[in-house]
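The values are calculated or read from the model by the stated rules, or taken from the named source; none is laboratory data. Every value quoted in this text rests on a predicted model; they were computed, and no experiment measured them. All Cβ positions, even for glycine, are placed from backbone atoms using ideal geometry, and neighbour counts span all protein chains on display. These accessible areas exclude ligands, DNA and RNA; they are computed on the full protein's heavy atoms, side chains included. Shrake-Rupley method; radii C 1.70, N 1.55, O 1.52, S 1.80 Å.
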Amino acid sequence: MPLALLALAVSAFGIGTTEFVMMGLLPNVADDLGTSVPTAGHLVSAYAIGVVLGAPLLTAVGSRVPRKRMLLLLMALFTVGNLASALAPGFGWLIAGRFLAGLPHGAFFGVGAVVAARLVSEGRRARAVATMFLGLTVANIIGVPAATLLGQHLGWRATFLVVAAIGLCAMAVLARLVPYVPVDAHQGLGRELRALGDRQVLLGLLTAVFGFAGVFAVYSYLSAMTTEVMGFGESSVTPVLALFGIGMTLGALAAGPLTDRALRPTLYGSLGALAVVLLVFPFTVHVRWAALVTIVLLGGVGFMTTTPLQMLVMNKARHAPTLASASNHSAFNLANAGGAWLGGAAIAAGWGWTSPALVGAALTVAGLAVAAVAGLLDRDRPSSSRIVASADAEARTARSQVRADAR
C-alpha cells in the first residue's frame, strides 16, 4: 500500500478523535462554562450539523480544486476549528468552533476516499479506502480515551489544542506523502450533482441512514448501559468503549478485502449480522463476559458496513464520485443523530436501558431492505463495480507520482 494512505489515516485519526471526545468531556465543559450537561450536549449536535452541511457544500465549492490541495485546505479548516474551540471565551463561541471543526469532516473523507481508491490497482480499492478508515477506528481505541483523560486532568481546552496540533501534523504528512491527483477537465459541479442524483446513489445513501442508525441507537447510550445494566463501575466505561473501538478496527480490516471480492454480498452480510447482534444484545448484556463479546461484535459488524457503502456510492456515481462520496458521510451523521434520538425516545418511554438495541435492529433491517431493493433494481443495469470517473488516467498519474516520490 502507498505511504500516502498513511497520511490519510493520520488525518482520519485526528478527525475521529475530535468527533467522539466531546461525549466524554461534556461534564467538564458544562462545569467550566456554567451550563448543564444536556445543554452542553448541543456541542455534539453542532459538530454533526457541521458535517451534514459541510460535506456537500465544501465538496461542491472545491469540485475543480486539485485533490491534494483540497485535502490540505480541508485539514487546515479542521485545525482552525479545533483551535477556535480551545480558545473559545464562552459557550456560544465553543458551539461555533465545534460547527467549524465539523464542516470539513465529510468533505475530507469523501475526497480522501476517492484519492485512496485512485492510488492503487482496481482490485485493491476497497482495501485502500478501509486503510484510511483505520485512522478513525484507532482514534476510538487510543485517541478518544487519551484525549478524554487529558481533558479531565488538564482541562478540556488542552484536548482541543492537542487535536489542533494533530491537524498540523496531518497537514505536514499530506503535503509530503500524497501525490498530485488532477481533476478531470470535464468534471464540475453540474456533473457531480447529476451523479449524486443517480437512483442507485440515493438508495445507497438511504441504506447508510437506516443501516448505520442501528449502531448509534446503542453506542450513544453504551456508557449508561455499562453502569446501569452490566453492573460495571464508572471507571470501566473507557475500557468498554475501547472494546467497541477494537471491534471497529477488526471490522475495517475485514471489510476491505471482502468488499473488493464481492461488494453487495459484503453489504448484505454485514447488515444482516448487525441486525442479529442488536437482537441478542438485550439478552447478553446481563452476563458480563457475554456483554463484552457482544460489544466487540457490535463495533465489528457495524463498522464493516461503512466500506461497502462508501464504495457503492462511489462506484454508482461513476464519472463524478467525489460529491456522492462526501454525501455518504452526511448520511452517516444523519444516522448518528437519528439513531441516538430514537434510542433515547425508547428509554424515555420507559422501555428500559436495553430497548435502543431493539430499535437499532429495526432500523438496520430497514436499511437491509433498502439495500436489497437497490440490488434487485441494479440487475437491469450494466455492472459498475469500479470507479470510472476518468479513474484510469488519474490512477496511472497518481501511481506514477508515488513511484517517482519513492525514488
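Some notes on this structure:
- Single unsatisfied condition, G247 versus (1) of a type outside the set (A, V, I, L, M); (2) modelled with pLDDT under 90; (3) over 30 Å from L57 (Cβ atoms): (2)
- Hits in the stretch 24-75 (condition: open to solvent by 50 Å² or more (accessible area, probe 1.4 Å), within 14 Å of F99 (Cβ to Cβ) and among the small types (G, A, S)): S45
- Consider the stretch 116-151 and keep the residues that are assigned to a helix (DSSP H, G or I) and hydroxyl-bearing (S, T, Y). The one that is surrounded by the most Cβ atoms within 10 Å (Cβ to Cβ) is T137.
- Subset of the stretch 155-171 [among the small types (G, A, S), under 21 Å from D31 (Cα atoms) and in contact with a helix residue (DSSP H, G or I) (Cβ under 6 Å, 6 or more places away or on another chain)]: A158
- The conditions of being touching a helix residue (DSSP H, G or I) at 6+ places or on another chain (Cβ under 6 Å), closer than 21 Å to R264 by Cα, surrounded by 16 or more Cβ atoms within 10 Å (Cβ to Cβ) and at pLDDT below 85 are not met by A395.
- Just one residue in the set L358, L323 is within 30 Å of S121 (Cβ to Cβ), crowded, with 18+ Cβ neighbours inside 10 Å and in contact with a Pro (Cβ under 7 Å, 6 or more places away or on another chain); that residue is L323.
- Output for the stretch 264-278, where each listed residue is touching a residue at least 12 places away in the same chain (Cβ under 8 Å), closer than 15 Å to L376 by Cβ and open to solvent by 10 Å² or more (accessible area, probe 1.4 Å): R264, Y268
- Flag if F20 is more than 22 Å from M248 (Cα to Cα) and aromatic (F, W, Y): no
- Hits in the stretch 334-355 (condition: under 12 Å from the mean Cα position of the chain (by Cα) and open to solvent by 10 Å² or more (accessible area, probe 1.4 Å)): L334, N336
- Helices (runs of 4 or more DSSP H) fully within the stretch 152-244 counting 3 or more residues that are surrounded by 16 or more Cβ atoms within 10 Å (Cβ to Cβ) and touching a Cys at 6+ places or on another chain (Cβ under 7 Å): none
- Inside the stretch 40-95, residues that are part of a loop (DSSP other than H, G, I, E, B) and of a type in the set (S, T, Y) make up a count of 1.
- Condition check for A107: open to solvent by less than 10 Å² (accessible area, probe 1.4 Å) and not in a helix (DSSP H, G or I): no
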